[in-house]
Amino acid sequence: MKKKTMVSLLLVVVVFGIVGFMIYKSNQPLVVKTVQLEKINYEEYHYEEGSVEPKKRMKVFSNGSGKIIDLFIEAGSAVKKGDAILSIDDDDLKYQLDILYAQKNSLAGEQKSEEQIVKNSELKLQEEAIELAKYEVDSVKKDLERKRKLFESGAISKTDFEQIEDQYKQAVGKLNIENFKFTTLKDRSKIGSGKNLYYAGQVEKIDLQIKQLEEKIDKMKVIAPIDGTISNLSLDKGDYISENQMLFEIFHAGLYEVESYVLAKEVKKLKIGMTAYLEVENQSKIETIKGKITFIAPNAIEVTSPLGLVEKKVKVLVEPQEDVKLIQGEEVDVKFITYSKDKAQVVSKDYIFPWMEGEGMWIIDDGKAKVLKIDKEFDSSSNVVLGKDIDEQTKVIITPYPEKIEEGAKVISK
């Protein structure tokens, strides 16, 4: 009997001990990890590759076609506005100009003539002169084609080939003059007393052609449109160029900007006038230069990344704001700052959760857990910058949270 009583008492003591321990444990504060939000200078940024390009540059195109007979500069040459760059062969144009002057002189002589009516015999003689001129053109042309093949095969010299070329040009010019004389004679046979008016019109027509040719001859000389340095010049003396062909570029050395391409989704955060930083390699050191965004293109284009990915990017220009030695075409890293704030309180998004139609985070308030609703000024992919600061002594509870954490629960910082 006594033995049973002792066992019962022991069981009662054990039960009360367990209950007492559970009550004691339930009254103990939850152990949590915490941080305090110190104020820091915060930046949100990303990097893009950039290329150094002249700020002021111009592409120069040819206004005429032909062979380059003089080349006065080379790539890298410094030139002044108006300096001669190259000359294109204008012999053909000058020959045509001589023909026009000859036609004009011929008209002046005919106008002084006392004859009013052209006889049929004169027209016939002029027709015979045209036929002879045509025969000469055909004959020289055949000889020209034959010698062209010989020249291309190396059988004759360039000088011999150019001589037959000149003979062909002279024969064509002679035929043009004879045709013009025939047309003039034929017209004179019809105009009668209106001869003076007719001659005036013909002279005016020739003068207009002369003016057009002289302007064309002037364009056979290429001059520098601005002060600068020549680049992208790959021509040599003797090369043939066509009209509207790009000849070279000219840029102002020393005035550079950096051309970069930014992802379309990132460029929305940028504005003209924002600060960007250029990281330039200089004698094995990285030099950081302050720059300013001066241009953002209105549209995106497809750009292939070094990994072969096709991305939509937007052209952005950054102008250096400090003196630095740059080289055209040099690659630099561009640091685009999309947000910055001095003395900012920054919280990791790991500690933030939805709360009362907004967002909140756990803090310790008078030894108890409390949810503090936050005011966000800036939201990045991983952090939040508080718009309304909290006391720097406030302890923010961080993950992992205890399972039984709730508002009002006693907590203690580990």
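The values are calculated or read from the model by the stated rules, or taken from the named source; none is laboratory data. All values derive from a computational prediction rather than experimental measurement. Heads up, the Cβs are rebuilt from the backbone with ideal geometry, glycines too, and the neighbour counts pull from every protein chain shown.
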### Query
From the list Glu114, Glu178, which residue is assigned by TED's automatic domain parsing to the domain that holds Tyr199, at pLDDT 85 or above, under 24 Å from Gln202 (Cβ atoms) and of a type in the set (Asp, Glu)?
Glu178
### Task
With the checklist (1) surrounded by fewer than 16 Cβ atoms within 10 Å (Cβ to Cβ); (2) in contact (Cβ under 8 Å) with a residue 40 or more places away in the chain in hand, flag the one item Lys158 doesn't pass.
(2)
### Task
Would you mind telling me which numbered condition in (1) crowded, with 19+ Cβ neighbours inside 10 Å; (2) within 30 Å of Ser87 (Cα to Cα) Leu278 fails?
(2)
#### Entry: Filter result (hydrophobic (A, V, I, L, M, F, W, C), farther than 16 Å from Tyr351 by Cα and in a loop (DSSP other than H, G, I, E, B)) within region 383-414
Ala409
#### Entry: Matching residues in region 36-76 - criterion: being in contact with a Pro (Cβ under 9 Å, 6 or more places away or on another chain), at pLDDT 85 or above and surrounded by fewer than 17 Cβ atoms within 10 Å (Cβ to Cβ)
Glu49
## Note on the structure
So, first residue touching a residue at least 40 places away in the same chain (Cβ under 8 Å) and among the small types (Gly, Ala, Ser) in region 247-258, second residue in a strand (DSSP E or B) and surrounded by fewer than 20 Cβ atoms within 10 Å (Cβ to Cβ), Cβ within less than 8 Å, six or more apart or across chains; the pairs are Ala253/Ala78; Ala253/Thr229
### Summary
Subset of region 239-260, residues surrounded by 19 or more Cβ atoms within 10 Å (Cβ to Cβ) and among the hydroxyl-bearing types (Ser, Thr, Tyr), comes to Tyr256, Ser260
### Task
Find all pairs meeting these conditions: Cβ atoms under 7 angstrom apart; at least six residues apart or on different chains; first residue within region 333-350 and more than 16 Å from Lys290 (Cβ to Cβ) and not assigned by TED's automatic domain parsing to the domain that holds Val396; second residue part of a strand (DSSP E or B) and at pLDDT below 90.
none
### Task
Could you list, in sequence order, all residues of region 328-380 that are in a loop (DSSP other than H, G, I, E, B) and either at positive phi or modelled with pLDDT of 90 or more (or both)?
Gly329, Gln345, Ile352, Met356, Glu357, Asp366, Gly367, Ile374, Asp375
### Filter result for the condition that a residue is touching a residue at least 60 places away in the same chain (Cβ under 8 Å) and in contact with a strand residue (DSSP E or B) (Cβ under 7 Å, 6 or more places away or on another chain), over Leu93, Leu86
Leu86
### Summary
The one condition Glu215 fails out of (1) within 20 Å of the chain's Cα centre (by Cα); (2) loosely packed, with under 12 Cβ neighbours inside 10 Å is (1)
### Task
Go through Val316, Val310 for me and flag whichever is surrounded by fewer than 19 Cβ atoms within 10 Å (Cβ to Cβ) and on the phi < 0 side of the Ramachandran plot.
Val310
### Message
Filter region 293-320 down to the residues that are more than 21 Å from Glu44 (Cβ to Cβ) and either over 15 Å from the mean Cα position of the chain (by Cα) or in a loop (DSSP other than H, G, I, E, B) (or both) and list them by number.
### Response
Thr304, Ser305, Pro306, Leu307, Gly308, Leu309, Val310, Lys312, Pro320
### Query
Restricted to region 43-79, and to residues that are under 25 Å from the mean Cα position of the chain (by Cα) and part of a loop (DSSP other than H, G, I, E, B), which residue is nearest to Lys315 (Cα to Cα)?
Lys55
### Message
Here is a check on your reading of the model: is Ser121 among the hydroxyl-bearing types (Ser, Thr, Tyr) and free of Cβ contacts under 8 Å to residues at least 12 places away in the same chain?
### Response
yes
### Query
Is it fair to say Leu247 is part of a loop (DSSP other than H, G, I, E, B), closer than 30 Å to Asp91 by Cβ, under 19 Å from the mean Cα position of the chain (by Cα) and not assigned by TED's automatic domain parsing to the domain that holds Asp333?
no
### Task
Please specify each residue of region 218-238 satisfying the condition of being in a loop (DSSP other than H, G, I, E, B) and surrounded by 13 or more Cβ atoms within 10 Å (Cβ to Cβ).
Lys219, Met220, Ala224, Pro225, Ile226, Asp227, Asn232, Leu233, Leu235
### Task
Kindly list, by first and then second residue, each pair from a residue in region 293-306 that is without any contact (Cβ under 8 Å) to a residue 12 or more places away in the chain to a residue that is loosely packed, with under 10 Cβ neighbours inside 10 Å and in a strand (DSSP E or B), limited to pairs with Cβ atoms under 7 Å and residues at least 6 apart or on different chains.
Glu302/Val310; Thr304/Val310
### Unique residue being surrounded by 10 or more Cβ atoms within 10 Å (Cβ to Cβ), acidic (Asp, Glu) and out of contact with any His (no Cβ under 7 Å at 6 or more places or on another chain) when the list is Asp323, Asp350, Asp342
Asp350
### Message
Please verify whether Lys292 is touching a strand residue (DSSP E or B) at 6+ places or on another chain (Cβ under 6 Å), within 29 Å of Glu377 (Cα to Cα) and assigned by TED's automatic domain parsing to the domain that holds Asn383, treating the condition exactly as stated.
### Response
yes
